[in-house]
Structure formats: C-alpha cells, structure tokens
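> Take a look at the following structure, please.
The values are calculated or read from the model by the stated rules, or taken from the named source; none is laboratory data. As the structure is a computational prediction, the values presented were derived from the model and not from experiment. Every residue, glycine as well, gets a Cβ built from its backbone with ideal geometry; the counts of neighbours run over all protein chains shown.
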Amino acid sequence: MGANLRRLVSWEGFLLGILVLVIIVNTSRAPAYLSLTNQINLFQLSIEKIIVALVMTFVIINGEIDLSVASVMGLAACMIAVLFESGVPLPLAILAALIAGVCCGAFNGLWVAYVGLPSLAVTLAGMIGYRGVARILIEDRSIGGFPAWFTALGQQPLLGPFPLSLILFAVLFALAIIILQFSGIGRIIYVIGNNAAVARYSGIDTPRLKLGVFVASGLIAAMAGVLLAARLGAVRGNTAEGFELDIITMVLLGGVSIFGGVGNLVGVGLAILVILNLRNGMSLLNVTGNVQTGVIGVLLILSVLLPNLVQMARERLQRRTTQRKEVQVETETSASS
Amino acid sequence: MSNRTVRIKVKTMTAWRQRIRPEQLRELSLVVLIAAALLIFGWQIENFLSARTFNRIATSVAIVGMVAIGQTLVVLTRNIDLSVGSIVGFTAYFVGSQLAANNAMGAPVAVALAVAVGGLMGLINGLIVAYGRVPAIITTLGTLAIYRMLLINYANARTVTVDSLPSWVVDFSRQTLLSIGDFAVRPLMVVTLATVVVFQFVLGYTVFGRRLYAIGSNPEAARFAGLPAQRLVLIAFTLCGMLAGLAGFLFLARFGTITAVAGQGIELESVAAVVVGGVNTFGGSGTALGALLGAFLIDLLGQGLLRWLGISEFWRDALLGLLILLAVASDAVILGWLRQLWQRGAEVNHGR
C-alpha cells in the first residue's frame, strides 16, 4: 500500500470523511449552517468541554486517565460563586478557583505518580470527592448575579466576532500542539505512555512529569469551570456534572489509545469538530439531548470497535492465505519427491 | 531491625500464612472497622444502635450490595462496568411498566423478566469487550449513555407509580420475614445475602470462579494455560448484568415510584463498594463478601458521621471520595507490604 493511500485510510482521514459528510448533510438542511455566526455559536455551546479535552489528550497519551475534571470544573464554578457572594472581589475569587484547580490536580497527581495508585481509582475518588466539596460550599442553592463584565466576558464577542473562550481555545490548541508534537516534553509524554519502565530506566523523572500533567489538567479544568460560570451566569451544585463522558469521548474518538502512547492532537481536533457538528446537526433535526448523548456513546464504542474488527478480519484473511501457501508448498514438495 | 528478629518474625508468620490469605485478612479488617465504627457511633450518638438504624442501612445496602457483587465479578477480570446504574434504572422501569400494564403477572415472571433484560444488556457489554476487544471502560461508558437513552425514550417522560403496581410488589420490600426484638429481617436483604453466599462459594470453590481470578491476576499466563479468557469475560459481564437486573427489581420493590433517572449514580456507588471492599482494580483479588462489607461500611460511615458530627447531608460525597481514596491507598500500601512478608515467608520455607 502506498504511503499516500495509507494516510488517506488513516484514522484522521476517516474522521475527515465523516466531518465532510456531516457538514454536507447539515448544510443541505439549513443553508445558514456554515455561516460564521452559527459556527461560532456551535463552538461556544461546548467550549469548556473542548478546552478540557485538549489537556485530557495529554493525560491519556501519558497512560493515565482523569475522571475528576468535570467535578473540578464544578468546584471552580462553585468557588467563585460562593466567594463572590460573600463579598470577595471577583478577580480574587477567580484566582482562588484556579488555585483550587491546581490543588485538586496536584492531589490526584501525588497519589498516582508518587504512591503508584491506579489513576482510574484515584480520580474516581476525586470525581466524587471534589463534587462533594462543591456541594458543601453551595449546598442546594443557585448563585448568580455576577457583575456585567464577567458575564459579558463569557457571552459577548471580545475580538471581532470571537468571544474570549474561543480565543483562549485557539491559543491553548496552538500551545498544546507545540508542546505535545514538537517539544522534548511531548516526546517524553509519549515515551511514558508507551512504556513507563523504559522511560524510568532511561533516566526520565517519570513521577514529576506525571504530576505536572495532572496539575495542568486540574488548572485547565478550573479555568474551564470559570468560563462556564461566566457563560451560564449562574452556578449550581450539579454544574458540569457528567461532562467527563463527552470530554473522554472526544479524545478517544480522535484516535488516542486508552492504553497511552498513541494518538495526536490533529485527530482530537478533528474529533471535536465531528462531535460539535454532529450535535448541532441533531439539534437542527430536533433530536433531544439524551438521544444525542446516546449517539455519542455509540460513536465512542464504534470508534474502537470498527478498527478492531477490520484488523481481526485482516488477520484471519492473512492466516488463510498463509495456510493455502503452506498447502501449496507441501503438495509441491511431495510432487517433487 | 536485626536480621535475626526478621527471621523469627517470618517464622511465626509462616505458621498462619498457610491458613490465611491476604484477601481474607482484608475481609477481617473490614469486619473490625465495621465493629469499631458501630462501637464509636453507639457510644457517641444517642439511640444509634437501634433497630431503626439497622433496618434503614440494611434496606439501602441491599440494592447497592447486589450490584456490587456483579461488579466484583467484572473487576476480578481486570475490567469495569460503568453501565450498571443505567441497567438498574432500565430494568426497574421496564418491569414496573409491564407490571402496571398487566397486574396479573406473577412474581417469578417479573423477576425472570428483570434478570433476562439485565442479562441481555450485560451480554452486549461482554460481547463488545471480550470479542470486539474494546476496553471495558470505553464500552461501558458508551453503554451507560446508550441504555439511559433507551430508558428515556421508552419512558417518554411518564412515571411508574406505586398505585399502578400490584400490591405484592410493594409488600415485598415492607414485609418482615423474621423479627428478633425490633430487628426486622426484610426480604430485600435476604435476597442479597443469599446471592452473596452463592457467589462467595462460586468464586472460592468452583473452576469457573478460580479461572476468573486467574485471568485477572495474569491474563497472559491464563492464555498460555489455555483458559478461554474471552468466554469467561463474556460470562462475567453477563452475570453482572443479570445481578444488576435483579437489583433493578429490588429497586422497583423498594421505591415503587420509578422515573427515567432511576438508578443514576449506582455505578459509582458499586465501584466504591467494590474498592472499599478490597477488590483490586487491577484484577485478580477480592471477594463478593468483601464487596458487600464495603457497601455496608460506606453506608454505616455515611449515616454515622453525618449524625455524629452534626454535619449536613451535603458532606456525604466529599466523605465518600475520601473513603475510596483511603481504601485504595491502604490496599496498595498495606497489602503490598503484607504480600512481601508472605513472599519472604515462602522463600524461607523454600530455603529449608
């Protein structure tokens, strides 16, 4: 198979194909679909999730998982709301929320990197525990009434037609690509994800890097929580609940292996576009949110199942052809003797 | 510590090493923890050691405990099932609406229906994981959403109400089979206890059970030994689904009123119970009894701490998170240390 052809049938090529298909179907149903305002709106509706998906890519390629991100988002949002309500100036409250995010990430990271506990269990505890702290803070209230500049930052365009969150996403995406695909740190993250033992033996400070990735995950999640509070204008105990499913789906659909070491940000970027456009298209068809989540669930499973099935079929085919060859060789040798 | 004292310690350990495995020690420590919690709460909180507290905890543990037994089977094989909450909700609603539509349906048919529906959903999980080679966390994260979507579409914003159900369903959870003083033995708890006994036996003493441990503790070695790993994982997921279905029936019997959000969050509670109960998330160790004890301890601490410290219900999740972390950490650190001692004991034995 030629290199060009192989690139076309690669995972990114597959995602690109689906994306084009979804966009064509959507545009044929709603002509204004591809307009800049609709595209910005479509990003805006899930901007917090896709920001966290960027850092989740780092976590999963590193061979770990962070189930607590949605709870950190909720905790950060609740913190600024509660602090603001008790009279703390908003910039200070935002800073406190970001610090809380760093603390959550560091707490996860310490247990995973230095004690050696499985990240699945640690961040599951974090997912329940951080949400619990948010509930202690806000109880069953809903806090809103933020100053106009704060909600405007979340809802109004800042630079041309682009709101702050979208600009932040673009900057972070560029930064993430540079770090993960073009820097030494990025390469080390891949190495650790591929084979942590090899990384350790080659003198890499694996625990410190893992800690760093979890701290980044907490910080970015807290930032996304602040943005979410600004966009929604009101915060409750269940803000951002269940977001981890969507976030992890985006990363895995992007071709990142749950076992670490495989995948890249281009794939994740394409997967984000596919999911956003698919959700928007389903909304145009009046499909409810639950069904949309179900469809994303199907997509998540298929994204791993289909390549596996193809590979299994190929293996079976190969085995059959080698068997046939063996039979041929055997008959030839018996004929010659 | 001098070499000599180590030698002596190891020698005394070898005596009971042969009789007790680390996992059994884990169950014992859970029992001790539960006893300590009961003593402290009973001493500090007025009227805590009453039949009312016991009955309340027993009823709520019955459902989570049932799901946790199934979760144990799956976690033993190095997998996880996050879709159990959706399975519980779906079967509770589905069986409830069938009973509401057909009041003449008997109890055996209703239970069989719940187990069959749950088993089918578990079978789908198992097929995708074992034969599609999709990691369990991805598969069940997906089916968590898919099964919930099926329920929401099927329910269509309607609710199964107590009045529409035949009277035996609700009686089932309120009935008292046997009462010792004020302590009532309710059918819900009996069903779960019976299931624990069955699976404690299956895991400990049957070929199937031992094979589950084998593929969990070392999948490669199990494959080389010729164990049908794919089929075993499929069976574990199917059983987990069946038990979740049975839990769905218990859920229906306990609450009577079922909406489309029924059972949400049970997946996390069951994983928490399993982890606190000493089932290793890397597979290969843990028991059904441990999972039930874990569920019991979580509920006991939740109820007790809230009343003792006089804190609000909102503290529950934060405490639960901390508890899970402590359980996993102590599991890794203490059991790791114990296993080292065990191994050293074995080496000393071997050397003689």
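> If you go through the stretch A:38-49 one residue at a time, do you hit one that is within 30 Å of A:T206 (Cα to Cα) and crowded, with 21+ Cβ neighbours inside 10 Å?
yes
> Kindly indicate whether A:G186 is touching a helix residue (DSSP H, G or I) at 6+ places or on another chain (Cβ under 6 Å), surrounded by fewer than 24 Cβ atoms within 10 Å (Cβ to Cβ), assigned to a helix (DSSP H, G or I) and of a type in the set (G, A, S).
Criteria met by A:G186.
> Within the stretch A:282-325, restricting attention to residues that are of a type in the set (S, T, Y) and assigned to a helix (DSSP H, G or I), which residue is nearest to the other protein chains (Cβ to nearest Cβ)?
A:T293
> Considering each of A:G126, A:G132, A:G160 in turn, give the residue that is in contact with a helix residue (DSSP H, G or I) (Cβ under 6 Å, 6 or more places away or on another chain) and free of Cβ contacts under 8 Å to residues at least 12 places away in the same chain.
Exactly one residue qualifies, and that residue is A:G132.
> May I ask you to say which residue of A:S283, A:S257 is out of contact with any helix residue (DSSP H, G or I) (no Cβ under 7 Å at 6 or more places or on another chain), at pLDDT below 90 and over 24 Å from A:A30 (Cα atoms)?
Details: A:S283 fails: over 24 Å from A:A30 (Cα atoms).
Within the list A:S283, A:S257, the selection yields A:S257.
> Within the stretch B:89-127, track down each residue that is more than 18 Å from the chain's Cα centre (by Cα), surrounded by fewer than 24 Cβ atoms within 10 Å (Cβ to Cβ) and either of a type in the set (V, I, T) or within 14 Å of chain A (Cβ to nearest Cβ) (or both).
B:V109, B:V111, B:V117, B:I124, B:L127
> For the stretch A:66-105, which residues satisfy the criterion of being among the β-branched types (V, I, T) and either more than 19 Å from the chain's Cα centre (by Cα) or surrounded by fewer than 24 Cβ atoms within 10 Å (Cβ to Cβ) (or both)?
Those that are among the β-branched types (V, I, T) and either more than 19 Å from the chain's Cα centre (by Cα) or surrounded by fewer than 24 Cβ atoms within 10 Å (Cβ to Cβ) (or both): A:I80, A:V82, A:V88, A:I94, A:I99, A:V102.
> While we're looking at this one, here's another question. For the stretch A:272-299, which positions are in contact (Cβ under 8 Å) with a residue 12 or more places away in the chain, under 20 Å from A:N41 (Cβ atoms) and of a type in the set (G, A, S)?
Within the stretch A:272-299, just A:G281 meets the criteria.
> Among the numbered criteria (1) assigned to a loop (DSSP other than H, G, I, E, B); (2) away from every other protein chain (no Cβ under 13 Å); (3) not hydroxyl-bearing (S, T, Y), which one does A:F259 miss?
Of everything listed in (1) assigned to a loop (DSSP other than H, G, I, E, B); (2) away from every other protein chain (no Cβ under 13 Å); (3) not hydroxyl-bearing (S, T, Y), A:F259 misses just condition (2).
> Which number in (1) touching a Phe, Trp or Tyr at 6+ places or on another chain (Cβ under 8 Å); (2) surrounded by 15 or more Cβ atoms within 10 Å (Cβ to Cβ) marks the one condition that A:L284 misses?
(2) is the only condition that A:L284 fails.
> Say we look at the stretch A:50-89 and pick out the residues that are among the hydrophobic types (A, V, I, L, M, F, W, C) and part of a loop (DSSP other than H, G, I, E, B); which of these is nearest to A:I204 (Cα to Cα)?
So, considering only residues that are among the hydrophobic types (A, V, I, L, M, F, W, C) and part of a loop (DSSP other than H, G, I, E, B), the one nearest to A:I204 (Cα to Cα) is A:I65.
> All but one of (1) assigned to a helix (DSSP H, G or I); (2) crowded, with 24+ Cβ neighbours inside 10 Å hold for B:G263; state the number of the condition that does not hold.
With (1) assigned to a helix (DSSP H, G or I); (2) crowded, with 24+ Cβ neighbours inside 10 Å applied to B:G263, the lone miss is (1).
> Still on this model: What number of residues in the stretch A:138-160 are under 16 Å from A:A77 (Cα atoms) and in contact with a Leu (Cβ under 8 Å, 6 or more places away or on another chain)?
Residues that pass the stated criteria total 5.
> Hey, another quick one. So how many residues does the stretch B:55-81 have that are assigned to a helix (DSSP H, G or I) and over 14 Å from B:I298 (Cα atoms)?
Initially, the stretch B:55-81 is screened for residues assigned to a helix (DSSP H, G or I), giving B:55-76.
Now drop any that are not over 14 Å from B:I298 (Cα atoms), which leaves B:55, B:66-67, B:69-76.
Residues that pass the stated criteria total 11.
> I need a count of the residues in the stretch A:37-58 that are among the hydroxyl-bearing types (S, T, Y) and closer than 17 Å to A:S257 by Cβ. Give the derivation first.
Narrowing the stretch A:37-58 to residues among the hydroxyl-bearing types (S, T, Y): A:37, A:46, A:57.
Within this subset, residues satisfying the condition of being closer than 17 Å to A:S257 by Cβ are A:57.
So the answer is 1.
> Further question on the same structure: Which of the residues spanning the stretch B:324-351 are surrounded by 13 or more Cβ atoms within 10 Å (Cβ to Cβ), modelled with pLDDT under 75 and among the polar types (S, T, N, Q)?
B:N349
> Looking only at residues that are touching a helix residue (DSSP H, G or I) at 6+ places or on another chain (Cβ under 6 Å) and part of a helix (DSSP H, G or I) in the stretch A:138-150, which one is surrounded by the most Cβ atoms within 10 Å (Cβ to Cβ)?
Result: A:I138.
> Does B:G321 meet the test of being of a type in the set (G, A, S), assigned to a helix (DSSP H, G or I) and more than 7 Å from chain A (Cβ to nearest Cβ)?
no
> Tell me, please, whether a residue that is touching a strand residue (DSSP E or B) at 6+ places or on another chain (Cβ under 7 Å) and either surrounded by fewer than 17 Cβ atoms within 10 Å (Cβ to Cβ) or β-branched (V, I, T) (or both) can be found in the stretch A:165-182.
In the first step, residues of the stretch A:165-182 are kept if they are touching a strand residue (DSSP E or B) at 6+ places or on another chain (Cβ under 7 Å); the result is A:167.
Narrowing further to those that are either surrounded by fewer than 17 Cβ atoms within 10 Å (Cβ to Cβ) or β-branched (V, I, T) (or both): A:167.
Scanning the stretch A:165-182, I find at least one residue that is touching a strand residue (DSSP E or B) at 6+ places or on another chain (Cβ under 7 Å) and either surrounded by fewer than 17 Cβ atoms within 10 Å (Cβ to Cβ) or β-branched (V, I, T) (or both), so the answer is yes.
> Something else now. What tally of residues in the stretch A:211-238 results from selecting those that are out of contact with any strand residue (DSSP E or B) (no Cβ under 8 Å at 6 or more places or on another chain), farther than 28 Å from A:G193 by Cα and assigned to a helix (DSSP H, G or I)?
6
> I need the full set of residues from the stretch A:121-153 which are facing chain B (nearest Cβ under 8 Å) and either β-branched (V, I, T) or at positive phi (or both), in order please.
If the condition is that a residue be facing chain B (nearest Cβ under 8 Å) and either β-branched (V, I, T) or at positive phi (or both), then A:V122, A:I128, A:V133, A:I136, A:E139 are the ones that fit.
> Restricting to the stretch B:41-88, name every residue that is buried (at least 18 other Cβ atoms within 10 Å of the Cβ) and on the phi > 0 side of the Ramachandran plot.
Listed by number, the list holds a single entry, B:R78.
> Determine whether the stretch B:203-216 contains at least one residue that is more than 14 Å from chain A (Cβ to nearest Cβ), assigned to a helix (DSSP H, G or I), within 19 Å of B:L246 (Cα to Cα) and in contact with a Ser or Thr (Cβ under 6 Å, 6 or more places away or on another chain).
There is no residue in the stretch B:203-216 that is more than 14 Å from chain A (Cβ to nearest Cβ), assigned to a helix (DSSP H, G or I), within 19 Å of B:L246 (Cα to Cα) and in contact with a Ser or Thr (Cβ under 6 Å, 6 or more places away or on another chain).
> Can you tell me which residues in the stretch B:142-190 are assigned to a loop (DSSP other than H, G, I, E, B), of a type in the set (S, T, N, Q) and at pLDDT 85 or above?
Those that are assigned to a loop (DSSP other than H, G, I, E, B), of a type in the set (S, T, N, Q) and at pLDDT 85 or above: B:N156, B:T159, B:T161.
> Identify, please: which residue in the stretch A:122-147 is within 19 Å of the chain's Cα centre (by Cα) and aliphatic (A, V, I, L, M) and is, among those, modelled with the lowest pLDDT?
A:L124
> With the requirement that a residue be touching a Phe, Trp or Tyr at 6+ places or on another chain (Cβ under 7 Å) and at pLDDT 90 or above, what does the stretch B:29-77 give you?
Of everything in the stretch B:29-77, those that are touching a Phe, Trp or Tyr at 6+ places or on another chain (Cβ under 7 Å) and at pLDDT 90 or above turn out to be B:V61, B:I63, B:I69, B:V74, B:L76.
> Kindly provide the set of residues from the stretch B:279-306 that are within 14 Å of another protein chain (Cβ to nearest Cβ) and acidic (D, E), ordered by number.
Of everything in the stretch B:279-306, nothing turns out to be within 14 Å of another protein chain (Cβ to nearest Cβ) and acidic (D, E).
> Of A:G116, A:G13, A:G17, which residue is surrounded by fewer than 15 Cβ atoms within 10 Å (Cβ to Cβ), of a type in the set (G, A, S) and under 22 Å from A:A174 (Cα atoms)?
Criteria check complete, one pass: A:G13.
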